[in-house]
Structures are given as C-alpha cells and as structure tokens.
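Heads up, the thing below is written out as structure tokens.
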Amino acid sequence: MRKLLLLSAAFCMALYSFSQVDLKTIRKQSWQVFIYKIPVDTAEKYIRKGVSSSDHYLNETPFAVVPKTRLDYDSLPIGNYLIFSVIDNELKMEYYCQTNLWVMPVNNQHRVQLEVKDVNGEYYDNATVWVNGRKMDYNAKAKTWQVKNRFPDEALIKAGVEGDTMLAVLTAKDDLYDNSVSKQRWQKFRSAKLGRIITWPYYTVKRMIERPASEWFRKKRRYIPQRGYVLFNKPLYKPGDTLKLKGYLVNNHWRQYKKPLSLHLNYYVNGSYINKKLTTLRPVSAGAFVYDFVLGDSLESDLTYTLEFHNKKNKKVLWKNFRMEDYLLDEVTSYTIRSQKENYYSKKLLPLLSTVITKFRSGLPPFITNLKSM
C-alpha cells in the first residue's frame, strides 16, 4: 500500500512538472516545411492578385517535405514553388522562383530596356520577354528588350527560354523616369555658356515675378574656400593659458598674402553670438602670420571658440577652432619632422605640413615653428 502511494505521488509530481511549460520558451513554429511546385501561369496569377485561399493544397501531395533547419533554396530544381510553414501559430506561404536567368534593367532616361543573361553573364538572344502581358521587341544591336511602357513602375516581367522561366517585378527608384530626353537636353543647354546668355533675360524676369522686390538685386553669398593652415601650440586650453598660433595663407590664385589681416575671436555663449576683434596682423614673411595672447578668465570653459582671419573687406579667408576645458595635458611621446628640402616655394609649402609626424597621447598636433617659405 505504501509503495502504491509513493508511485501515485511520483506520478502526480511528474505530471505537474510537465504541465508547467513556460510560454516564452515554447516552440512557435513548425518543424517542417511543405514545398509545392506550381506552373508558371499560376505563379503569375498569384503575383498579380495574391493567393485568396490555400486550402486546396492541403489535399495535394507536396513536391518535398524537409526540416525547416535544412531548407536549401539553391538545391531546388528550376521551377516555381510555394513553401508553407507555421510561424506563431499561423500558416505562412512564401513564393520562390528557382531560375538560371538574370534580367537586368538598363535605363537610358528615355525607355527602360532589359538584358537577359545566364548565371555566367552570357547574353540570351533567343529569350522571350513579356511586361504586364505584352510581348517586348528584341534589339539585336543593343542585345536588349525595350519596354514599351513609358512609366513601367510595379510592372510584372516574365522572361523565358526553353525549360526555364523567370518572374519578377520592376520597381522604379529615386524618380529615375522624371527627366525625359528633352529635359536633359534643355538642362545641358542651360548649363553651357551660350545657353546661360540666351536664357538669362527669361529667368531674370521669372525670378522678379516669383520673388518680392526686396530680393531682386540681392547678391548670393559665395563660399570662400580656405587656402592655408592655422596651427596652435596646444590641443586644449584652460583660462590663463597662452594661446600661440601660426598661420600660413594664400589667396585664390595661390599667391601669398602680403597685406595686413584682422584677427577675430567668435563664440556662442548663453544663446548669444560674440564677435571680438583681437588685433590687426602684418605678415612676418610672405603669407606667414604669428600671434599669441592670454586666454582671460572671462572666457568660459567647455566651449568651442573660432579664430578667423579677415581681409580688408571684412571677409573671412581662414579660420580654425580651439576648445577650452579643465584638463591634464598628456606629455609628448615623440616629435619628428621630415623634409626633403630646406626651402619651399609658393604652393609647395602646403604639402610639407602633412609630413609632420607628432605623437601625443591625446592624438593632437603641436605648434610648428621652423618652417621657412621663399
């Protein structure tokens, strides 16, 4: 009797442990997938209209039943397939086309053309191509089939050779068909010098009509590219440090600046833009400007500041940022300069600066002093 009670208790405990299954770890997909092979016309209908019901496939013999973990699409023979599986307790159906054909679109901004190749990149000249049920003509010189539809977005493509048929959907991207050939020719004409002269009156009047009178004669702000370098003596600064800078400037014609330039300090603080003129600098040599000043306590830490060189028209020609923080500066571990020549002329000085090899633990370059230009 005691043995019977022990066996009953053990059975109840086992039954209770098996019944406590964690729903988070329970399997939610099928172990196997069912593969059905379908004809081309059925696959074409499914792509166009979708599958309304899949119940009739339950009474048919599948082409193959394989474990889900061993499903290899590349091992399927050429043909069109429907693959059924269960995911999250729902029946899922996937269409797959196994083919050796490659259909590549060629867009010449006029009419889309299609190339048909095999997996080795060889052209097919005996293929038949349909787009939305219309047979396309073959161009033997271009080795392409020209799509007659002007805007073939979401078009169904069917390309076939003996024993192999491929189905795909052509989708337009980034408005590739917006610019017609005539628009492209007009844009090319407008960009030419003669086109700008001829079209200037028309577009000038057009802008005057579209814009208010206050903007008729407003000049566009032109970006002035930097031509030169500015080097600082430290990678970071704190209040009380002395900032030393050395700049080398050339103009748009790569000629060294020989006239004075004004140096400005700009920064944002508490939502306000501050612009201070520090001094007017004269070049110590052609194109070279040197200056140093003490960063006062009025400049706040954890801010980025900009030093700008302005010409006599108050246009900035060169600028560089520096940052103020409370820091502990790492020591220099190595400092070397390699130069193939002792003197450099005009534009040849600029590439020299890229040969400076300096290794800080902070990874920032130091102040460079002994560069001479002629």
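Odds and ends about this structure:
- Dipole magnitude of region 26-98 about its Cα centre (Cβ charges: Lys, Arg +1; Asp, Glu -1), debye to nearest 20: 140
- Around Arg196: net Lys/Arg minus Asp/Glu count, Cβ-Cβ under 13 Å: +3
- Other residues lying with their Cβ under 13 Å from the Cβ of Leu243 contribute a combined charge of +4, Lys and Arg counting +1, Asp and Glu -1.
- Given Lys277/Lys320; Lys246/Lys316; Lys246/Lys277; Lys45/Lys158; Lys37/Lys148, the pairs whose alpha carbons are separated by over 21 Å: Lys37/Lys148
- Dipole magnitude (debye, nearest 20) for region 101-170, charges at Cβ of Lys, Arg, Asp, Glu: 380
None of the figures in this text is laboratory data; all of them are computed from the coordinates on show. Please read all numbers here as calculations on a predicted model, not as lab measurements. Please note: Cβ atoms are built from the backbone with ideal geometry, for glycine as well, and neighbour counts cover all protein chains shown.
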